[in-house]
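First comes the structure, then the notes that go with it.
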Amino acid sequence: MSGRFREDGALALDWVASYLEHVGELPVLSSVEPGAIRAALPASPPDEPEPFAAVLDDLDRVLVPGMTHSQHPRWFAYFAITGSEPGVLAELLIAGLNQLGILWRTSPALQELEELTCDWLRQLVGLPPEFVGHIEDTASTGVLATALVARRLRPDRRVLVVSEHANSVGEKAARLLDLDLRKVPTDDEFRMRPELVGADDACAVIATIGTTGMASVDPVPEIADVCAAAGTWLHVDAAYAGSAAILPELSQVFAGWERADSIGVNPHKWLGVPLDCSVLWTRREDAFRDAFSLVPEYLRSPDDVLNLSEVAVPLGRRFRALKLWAVLRCYGRNGLQERLREHLRLAELFESWVRNEHGWEVTAPRLFSLVCFRRLGSDDENERLLERVNGTGEVFLSHTRFAGRYQLRLAIGNFRTTEDDVRLAWEVLMREAALL
């Protein structure tokens, strides 16, 4: 393989460049049947070496048809993500360097760049300097780690408090840590009601800025008051919406989050960083170290540093900071703000089309780039509409349930999405609704 690395590398880079240029021409949602991909590939590994070109051939022939394309400009499901070009190239460097981040000394560059980039992002979103960060793979891991820290600090308390509209990661963390989960009812704007939090028996409360279903924002200042009075850990889950804090005009939405004990933001959701890159900040790093620091003899060193493995669950870590660093440098504050503002404009535009069309309704307040809506009619009709829309392959949307009804969601966040893409989504919705 080594003799053909440059030639094969050129083929791979050309393949990726061509894919990104033409991904908008592919069906967004894969239509293969379960088991089809596995059946199309050999059941056993090869005995003899195969050329890398054969891998690319099967990528085209078998795997691409089985992909739902998150790089597609008309991926509007869940929360849109982007592997931007600087991030994609950085992933190549990450794989080539293959750094082993188990200790500072096994890669000083890995650890110190991670510390730096987390601090750069902290500055961009306006958090105070006492917050220090590291990178997890996903917000799920960050919430689990945070809940574990909180449980160790208050072993007498076995309750984890979340909003009824919080992401399921809180529920999973409670299950894994054998905690009782309490879901707090919300108000008319789907925000956690702080007067019902009751934090006295809780080891942690998770407030959300940008809930998964409808991107609502919990009243963080009031929840912080409740947690401070009860001596309860407050985590703010801003996995999706936290990136929007780089926009000065949205700073008020994030009021009070600096009072949290920990905060999670996913640059792989709305900042163009390829999966997986979730930043977890805390102003109580000592509590993380007390929970996770375990240095066996074979890892002991004379270096006077805090290894990142001492404040997180994994021992080893990838050089994830390199792709975050590349994106922050290649776009800069202004470039990122420009893209987020465009997504907000497009969401507002789509929302206006829904509001102004007879027989349709917007069903939740819009603060960011997610629009929740539905066609007037039954849940079954809206569910069938979504299946028809996604079945066209032209766009991909997802759904949720709140206010006792089936809701449609259109989330904008891909750097390649244009107004034409959003307009096409509305045209497909209108067309398929007329055919029902």
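Specify which of the listed residues (340, 346) is within 26 Å of residue 120 (Cβ to Cβ) and under 22 Å from the mean Cα position of the chain (by Cα). Walk me through how you get there before you give the answer.
Numbers: 346 fails: within 26 Å of residue 120 (Cβ to Cβ).
Criteria check complete, one pass: 340.
Quick one: residue 274 ticks every box in (1) more than 21 Å from residue 137 (Cβ to Cβ); (2) within 18 Å of the chain's Cα centre (by Cα) except a single one, so which number is it?
Of (1) more than 21 Å from residue 137 (Cβ to Cβ); (2) within 18 Å of the chain's Cα centre (by Cα), only one is false for residue 274: (1).
Any idea which of (1) of a type in the set (A, V, I, L, M, F, W, C); (2) open to solvent by less than 10 Å² (accessible area, probe 1.4 Å); (3) over 28 Å from residue 306 (Cβ atoms) is the one residue 196 doesn't satisfy?
That leaves (2) as the condition not met.
Filter region 239-268 down to the residues that are part of a helix (DSSP H, G or I) and closer than 23 Å to residue 83 by Cα and list them by number. It would help to see each step written out before you state the result.
Of all residues in region 239-268, those part of a helix (DSSP H, G or I) come to 241-246, 248-254, 257-259, 267-268.
Within region 239-268, 241, 242, 243, 244, 245, 246, 267, 268 qualify.
Restricting to region 69-97, and then to whatever is touching a His at 6+ places or on another chain (Cβ under 9 Å) and not aliphatic (A, V, I, L, M), can you tell me which residue is surrounded by the most Cβ atoms within 10 Å (Cβ to Cβ)?
If we take residues in region 69-97 being touching a His at 6+ places or on another chain (Cβ under 9 Å) and not aliphatic (A, V, I, L, M), then 75 is surrounded by the most Cβ atoms within 10 Å (Cβ to Cβ).
If a residue has to be open to solvent by less than 50 Å² (accessible area, probe 1.4 Å) and not in a loop (DSSP other than H, G, I, E, B) to count, how many in region 289-346 make the cut?
Selection size over region 289-346: 22.
Quick one: is residue 151 crowded, with 20+ Cβ neighbours inside 10 Å, more than 17 Å from the chain's Cα centre (by Cα) and either more than 29 Å from residue 70 (Cβ to Cβ) or at pLDDT 95 or above (or both)?
Details: crowded, with 20+ Cβ neighbours inside 10 Å: yes; more than 17 Å from the chain's Cα centre (by Cα): yes; either more than 29 Å from residue 70 (Cβ to Cβ) or at pLDDT 95 or above (or both): yes.
Here the answer is yes, as residue 151 does meet what is asked.
Scanning region 230-249 for residues that are farther than 16 Å from residue 150 by Cβ and over 19 Å from the mean Cα position of the chain (by Cα), which turns out least open to solvent (accessible area, probe 1.4 Å)?
Filtering region 230-249 down to residues farther than 16 Å from residue 150 by Cβ leaves 238-249.
With the extra rule that they be over 19 Å from the mean Cα position of the chain (by Cα), the set shrinks to 248-249.
Details: 248: 85, 249: 105 Å².
Applying the filter and picking the extreme gives 248.
Give the number of residues within region 155-184 that are part of a loop (DSSP other than H, G, I, E, B) and either touching a helix residue (DSSP H, G or I) at 6+ places or on another chain (Cβ under 6 Å) or open to solvent by 70 Å² or more (accessible area, probe 1.4 Å) (or both).
To start, the set of residues in region 155-184 that are part of a loop (DSSP other than H, G, I, E, B) comprises 155-158, 164-168, 177-179.
From the residues that got through so far, the ones that are either touching a helix residue (DSSP H, G or I) at 6+ places or on another chain (Cβ under 6 Å) or open to solvent by 70 Å² or more (accessible area, probe 1.4 Å) (or both) too are 155-158, 164, 168, 177-178.
Matching residues across region 155-184 total 8.
Working only within region 379-417, note down all residues that are farther than 30 Å from residue 164 by Cα and open to solvent by 60 Å² or more (accessible area, probe 1.4 Å).
Once the filter is applied, which keeps residues that are farther than 30 Å from residue 164 by Cα and open to solvent by 60 Å² or more (accessible area, probe 1.4 Å), region 379-417 yields only 391.
Hey, could you check region 105-114 for residues that are open to solvent by 20 Å² or more (accessible area, probe 1.4 Å) and in contact with a Leu (Cβ under 8 Å, 6 or more places away or on another chain) and say which is farthest from residue 347 (Cα to Cα)?
Step one: filter region 105-114 for residues open to solvent by 20 Å² or more (accessible area, probe 1.4 Å), giving 105-106, 108-109, 112-113.
Now drop any that are not in contact with a Leu (Cβ under 8 Å, 6 or more places away or on another chain), which leaves 106, 113.
Numbers: 106: 45, 113: 34 Å.
Out of the qualifying residues, it is 106.
Please state which of the following conditions residue 201 fails to meet, knowing it meets all the rest: (1) of a type outside the set (S, T, N, Q); (2) surrounded by fewer than 17 Cβ atoms within 10 Å (Cβ to Cβ); (3) in contact (Cβ under 8 Å) with a residue 60 or more places away in the chain.
With respect to (1) of a type outside the set (S, T, N, Q); (2) surrounded by fewer than 17 Cβ atoms within 10 Å (Cβ to Cβ); (3) in contact (Cβ under 8 Å) with a residue 60 or more places away in the chain, residue 201 is out only on (3).
Can you tell me which residues in region 50-68 are touching a residue at least 24 places away in the same chain (Cβ under 8 Å), farther than 17 Å from residue 28 by Cα and open to solvent by 60 Å² or more (accessible area, probe 1.4 Å)?
Scanning region 50-68 gives 51, 52.
Out of 37, 94, which single residue is under 28 Å from residue 107 (Cα atoms), at pLDDT 95 or above and in contact with a helix residue (DSSP H, G or I) (Cβ under 9 Å, 6 or more places away or on another chain)?
94 is the lone residue from the list that is under 28 Å from residue 107 (Cα atoms), at pLDDT 95 or above and in contact with a helix residue (DSSP H, G or I) (Cβ under 9 Å, 6 or more places away or on another chain).
In the set 312, 347, 326, which member is closer than 21 Å to residue 117 by Cβ, of a type outside the set (Phe, Trp, Tyr), touching a residue at least 40 places away in the same chain (Cβ under 8 Å) and in contact with a strand residue (DSSP E or B) (Cβ under 9 Å, 6 or more places away or on another chain)?
Working: 347 fails: closer than 21 Å to residue 117 by Cβ; 326 fails: in contact with a strand residue (DSSP E or B) (Cβ under 9 Å, 6 or more places away or on another chain).
The unique qualifying residue is 312.
Give the residues of region 350-383 that are aliphatic (A, V, I, L, M) and touching a residue at least 12 places away in the same chain (Cβ under 8 Å), sorted by residue number. Quick ask: steps written out before the conclusion?
So in region 350-383, the residues aliphatic (A, V, I, L, M) come out as 354, 362, 364, 367, 370-371, 376.
Hits for region 350-383 are 354, 364, 367, 370, 371, 376.
Yes or no, residue by residue, for (1) closer than 16 Å to residue 68 by Cβ; (2) outside any helix (DSSP H, G or I); (3) not polar (S, T, N, Q):
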site: 4; (1), (2), (3): no, no, yes
site: 12; (1), (2), (3): no, no, yes
site: 18; (1), (2), (3): no, no, no
site: 24; (1), (2), (3): yes, no, yes
site: 29; (1), (2), (3): yes, yes, yes
site: 33; (1), (2), (3): yes, yes, yes
site: 38; (1), (2), (3): no, no, yes
site: 41; (1), (2), (3): no, yes, yes
site: 45; (1), (2), (3): no, yes, yes
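In the set 204, 147, which member is over 19 Å from residue 365 (Cβ atoms), among the small types (Gly, Ala, Ser), touching a helix residue (DSSP H, G or I) at 6+ places or on another chain (Cβ under 8 Å) and part of a helix (DSSP H, G or I)? Even if it seems obvious, please write down each step before you answer.
Values: 204 fails: part of a helix (DSSP H, G or I).
Criteria check complete, one pass: 147.
In region 269-288, what residues are outside any loop (DSSP other than H, G, I, E, B), open to solvent by 10 Å² or more (accessible area, probe 1.4 Å) and closer than 28 Å to residue 417 by Cα?
Of everything in region 269-288, just one residue is outside any loop (DSSP other than H, G, I, E, B), open to solvent by 10 Å² or more (accessible area, probe 1.4 Å) and closer than 28 Å to residue 417 by Cα, namely 269.
The values are calculated or read from the model by the stated rules, or taken from the named source; none is laboratory data. Here the structure is a predicted model, which means the values were calculated and not measured. Reconstructed Cβ throughout: ideal geometry from the backbone, glycine too, with neighbour counts over all protein chains shown. Note: accessible area is taken over every heavy atom of the protein model, side chains too, but ligands, DNA and RNA are not part of it. Shrake-Rupley method; radii C 1.70, N 1.55, O 1.52, S 1.80 Å.
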